[in-house]
Structures are given as structure tokens and as C-alpha cells.
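We did not get these values from a lab; they are worked out from the coordinates using the rules stated. Please read these numbers as outputs of a predicted model, since none were measured by experiment. Backbone-built Cβ (ideal geometry, glycine too); neighbour counts: all protein chains shown.
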Amino acid sequence: MYFDWRTWGIWLIGFTILVVWIYVPIKEFKKLLKKRKDDLNK
Amino acid sequence: MNSLDYLIVLAFLGMIFFVGSIFYKWIGNSDDFYLAGRNLTPFILAAVLAATNINLYSFIGQSGIAYKYGIPIIWQTWTGNMAMVFSGLFVIPIFRRLRIRTIPEFLEMRYSKGVRTLVAVIWVFRLAFWLGVILYTAVTAAQIITGVHSFTALVLILSVVVIIYTMLGGMWSVALTDVIQFILMLSGALILLPIAMSYVGWWPGLVAKLPKDSLLLVQQTGKYSWKFVLAIFLLGIEWACVDQGLLQRAFGAENIRTVAKGLVLAAIITTPFALLWNLPGLAARIIFPHLANADTAVPLLLAHFIPNIVLGIIVVGLFSSQLSATSGNLNGIATVFASDIYENVLNRKATDKDVILVARIITILAGIAMIIFAYAVPVLGGAVNAYLTVIAIMDMPLFIIAVVYGLLWKRANWQGAIGGYFSGAIAGIIGQYFFKFDFNLTTFISAGAALLITPIISLATKNSPSDKIEHIWKAKKISEEESKNNNVYNIIPKTLYGKLSLGIFFLGLLIFLTGIIMGSQGMELASVISVTGMVIYFAGGLLKTYTN
């Protein structure tokens, strides 16, 4: 079976960005949420 | 689309509405509404910037041009990304240090209140009309993809939800929904690429069946030749330094280093992303070789080859790109009006509460104006292009007075700024409509006139420096806030690693330009060299954001 490394290479870069941009912003948002709650409690 | 697809789209709209609206409680002051309280972190900011810069027109319009003229149109996005790195490293950190919210605000600081008000009024209309045009484009594309032919129904779907959540949660809603929308649009594009490529026999099929040179990135002749790459790069720098939608998000960054990181990361992630919508445009050229309207290429691809449910997910991705671009610009209009016109001219004693209320009202009014303009686009016909050209011509003089003279030449005064701004605009209009120059040349004429007239008028009139001019010049160096928080960002690096990263950045730029010049000679290696230069340029930029 033919494997098109060019197309799947581009796809993999896109997929990696997708995974990183799901994981890291959630982590950063949790920190923001905590900071916001702390600010409100002050 | 079938009922399951419609259900997916409705669930998405409901979810976005819910997420956008819950930030209503987070709005305590006007900085929360305009700039998400200046709290945005690097990866959130990068997603927000990427989502704002990619709209449905990118998927439809750019891939349509790729269908017609081949891959070189991708430089529109790539050079825009390079420009974003430039402004993120050297220009926007200065604006962020000044803690401004809008470019007109900077113009008052640098020149006078009159310049601020004038540019603010122009920007409010410019952004509202632009929103109308992208809404119209989005609706016409959505008609083909979704099978819903009612213009009004699609206008309402693509505007009501976004107007309400932007009005309620301001930049907080814009930012957090942008992150979700960025993920959804990337997911949609990731599904589309392999399906489109499989229908044309993957990469070898694409190369074999496309017309010669369609995959040549830097071309010697033609509409999208090496000249286009250079011109669009310079226009990109102008856009990345003064565009309200982009700047406002950058000003929401938690600190100055985050501004630089966010812009560089956004540029890096958007670069491979651009391939995900341009390659399907090229594939469509093989599948539907004789389309009268190239903009229908990708919509037709979706309507014919994407199975149901998957189609629903891709449509969600496409709608996401539209909503994120709309929300950002709506918030931009509200900010410019409330901050530069209402607070600064109409009611100088306004409280924070008054300002937020006005910003919310303006969000709704701007949304209504967007809808009216969307209906007006087909009626106005050629006038739309004329208007867009005029406002595009006026952007270049703004860049000259705000960034070139505003940040680099203290002697420029408000008389010179206004004179340069209008002479640039008038020269551009004359070039475009009387001499029928092409758009790229017109833009350079407009820039040239502003470059020439601003210093002449400034030197011929009294030197009346704004009392805040020293404050602006000080912003080029690290601030007390940065030193206090131990998070300094040097625009000109001080450490060896910092200098090395700057060296890599400029080496990349040099290689990129060499590649473009090689393209002008029709050399085969031009594309590889210019892309290599771009990658080195990004690497240098990224390293610079992590060093000092």
C-alpha cells in the first residue's frame, strides 16, 4: 500500500499542534481560573 | 448535510453561546472587557491570535486562489506570519509597555487628541464594513456547504450568537471561545486534507495532474510571482503593527514577554495550518477542473465527498473560523468607540460602569451594522471593492505616522501626521483610480507620499512635542514593572544567547530574501531556499522570546 509521507507529514504537524493546543491552554486556563478566584476572595 | 450534521452544528452553537456567556461575571472593569484584564498567557494568546487571523475567507477565498493560480498564494499567510513575528519582537512590546488599548490612544500620546479622534472614527466604520463583507462571503460559502439557501437564516446563525456572547463577556468571552474555535477549525482541516488528497491519488497524483508550476512556491512571472511575495510581506508588516483586532489581543497579554511569545507561537502554528486549506484547493482543481467561480472549489469538495457527521464536524470548524474573526473585530469596534470616542470626547467624566455599558451597546450596534452591510454587499457591487481599496490604502499612511515616524522620529508633529495621513490616502486613491495602477504599486505610492509629506510639514511647522513623547521613548527600554516582577524583555538583546538568536533571526530573513530574488531569476532552488529562510527566521524569533 502506498504511504504518502508528504501529506501525512503535514497532517502529523497539524495533529501535534492540535494536541499541544488542547493540553497547554487547559492547564493555563486552570491557573487563570485560580488566580481569578483568589482575586475575588481578596 | 443531514439532520445529524445540523444537530452537530446546533450543539456547537449552543456550546459556544454557553461558554461565551459565562464570562459575563468576569467583567469587573473596562480593562476586563477590552483586554481580558491583561491576563492572557502565551499559548492562550497564540490560539486567540491564530483564530482571529483565520476566517472563513481563508478557507474559501485563499483556497479558491490556490485552485486558480496555484500554491504561491500561501505566501499571503506565511509572510503575514513573518510580519507578526517582526511586530511581536520589536513593535508591539513598546505599545504594551505604554499600556494603551488602541492605536488611536497611542496617536494622542504621540501627536494630539485630534489625530486620535480622526483615526478612531475611520476605524469604527472600517471595521464594521469589513465585518459585513466577511459575513457576506461566509454566508455565500455556507449556502453551498450546508444546503441551507436562506441568506437571512445563515446571516442570523453566523451573527446573533457571536454578538450576544461578545456583548456579555467582552474580551474574556472572545479569548476563551477563540481557543475552542481554533481547536475545532484545526480539527476540521485535519479531516479534510487526507480525504481531498486521497481523491487525487495523494501527492504523486497532485503533482502529475496539476498544470505545470502550480506547486512552485516562488514564481518568476504571473500574478502571484516573487513581486507579490515581497509586496505582501511589506503589507503584512503594516498590518501586524497597526491592526486593531490583532493589537488588542496582544495587549491582553499578562506581560511583555508573553506578547512576544504569543505572536511568535501564533505565527509558527498558522504556517503549517495554511497548507491544510491550500492543498484541498489544489486538489479541487483536479476534481472540478472547470469551475467558473473558484471560491466554490472547497465548498463543492465538502458537499460532494465528505460523509455526513464528518461534514457536520468540518462545518463546525468552518463556522468557528468565522465566529472567532467576528467576535474579535466586534470587540475591537466597541473598544475604539468606548475608549477613543465616548470616554475621550463625548463624556470625559464617564465611570468604568458607564464605559462598559456603552461598549456593550456599541457591540450590539456594530453587530447590526455588520448585518446591514452584509445585505448591502451585493447591491453595492463594485463599490464594495472600491471602499475596501480606499480603506486598505489608508492603512499604509497610518503605519507610517504611527510606527515609522511615531516611534523613530521625535520631530514629527501632529500637523505632519495629519498631512502625511491624508496625502498618503489621496496619492493612493489617485494612483488606483486615475492611473489604474495595480493594488501593490498603489500601496507603495501611498506609503511613499506619507513618508515624504510627514517630515516636510513637520519641519515647516512649529516643533510642539507632546509632553508624553519621552514616556514613549522610554518604553523602548525595560520598564520598572518588568524589573520588579523579574520578567524583563529586551527588544535589543543584552546576553550572548539573545544576540545569537537575533543573529539567527536576521540570517533567516536574509536567506528568505535570497530565495525570493533567486525566484525572480527563475532558479529552481528558489522555493526551497525561501522556505528554509522562513523556518530559520521563525526559529530565531522563537529563541529570542526565551532569551534576553
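Below are the figures for this structure:
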| quantity | calculated |
| --- | --- |
| Whole-angstrom gap from the range B:398-464 to the range B:228-243, using each part's C-alpha centre | 16 Å |
| For the range B:74-162: relative contact order, % (alpha-carbon pairs under 8 angstrom, 6 or more apart) | 13 percent |
| Förster-model FRET efficiency, 22 Å R0, B:Ala11 and B:Ser150, C-beta, rounded to 0.05 | 0.60 |
| 28 Å Cα-Cα threshold exceeded, pairs from B:Lys113/B:Lys476; B:Lys476/B:Lys544; B:Lys227/B:Lys474; A:Lys42/B:Lys353; A:Lys34/B:Lys349; B:Lys353/B:Lys474 | B:Lys227/B:Lys474; A:Lys34/B:Lys349; B:Lys353/B:Lys474 |
| Sequence-separation-based contact order of the range B:403-548, relative, with Cα cut under 8 Å and 6+ spacing, percent | 20 percent |
| Cβ-Cβ FRET estimate between B:Asn463 and B:Ser3, R0 fixed at 60 Å, reported to 0.05 | 0.30 |
| Per-residue Cβ neighbour rank within 10 angstrom, fewest leading, B:Tyr6, B:Tyr342 | B:Tyr6, B:Tyr342 |
| Alpha-carbon centroid distance for the pair the range B:345-383 / the range B:200-216, whole angstrom | 46 Å |
| Label point distance in nm, B:His304-B:Tyr497, each placed 7 Å from Cα along Cα→Cβ | 5.3 nm |
| Label-point gap, in nm, between A:Leu12 and B:Leu525 - each point 7 angstrom along Cα→Cβ | 2.7 nm |
| Bins of 10 Å from zero: percent of alpha-carbon pairs in the range B:94-151 | 21, 28, 21, 16, 13, 1 |
| With Cα atoms, 0 to 90° folded angle of helix A:5-41 axis to chain A main axis | 0 degrees |
| Per-residue [θ]222 nm for chain B (sum of -39500 (n - 2.57) over DSSP H runs n ≥ 4, rounded to 500) | -24500 deg cm²/dmol |
| For A:Glu28, B:Glu480, order by how many other beta-carbon atoms lie within 10 Å, fewest first | B:Glu480, A:Glu28 |
| Alpha carbon centroid spacing (whole Å) that separates the range A:4-41 from the range B:48-91 | 21 Å |
| Distance in nm between pseudo-label sites at B:Arg348 and B:Ile430 (7 Å out along the Cβ direction from Cα) | 3.8 nm |
| Radius of gyration, Dmax [the range B:3-380; alpha carbons; angstrom] | 20.5, 68 |
| Shape category assigned to the protein assembly as shown from the gyration tensor of Cα positions, a/c cut at 1.5 | rounded |
| Global form of the range B:288-446, assessed from the alpha-carbon gyration tensor, a/c cut-off 1.5 | oblate |
| Within straight-line cross-link reach of A:Lys35, aspartates and glutamates at Cα separation under 20 Å, skipping those fewer than 8 residues along the same chain | B:Asp31, B:Asp32, B:Glu254, B:Glu481, B:Glu482 |
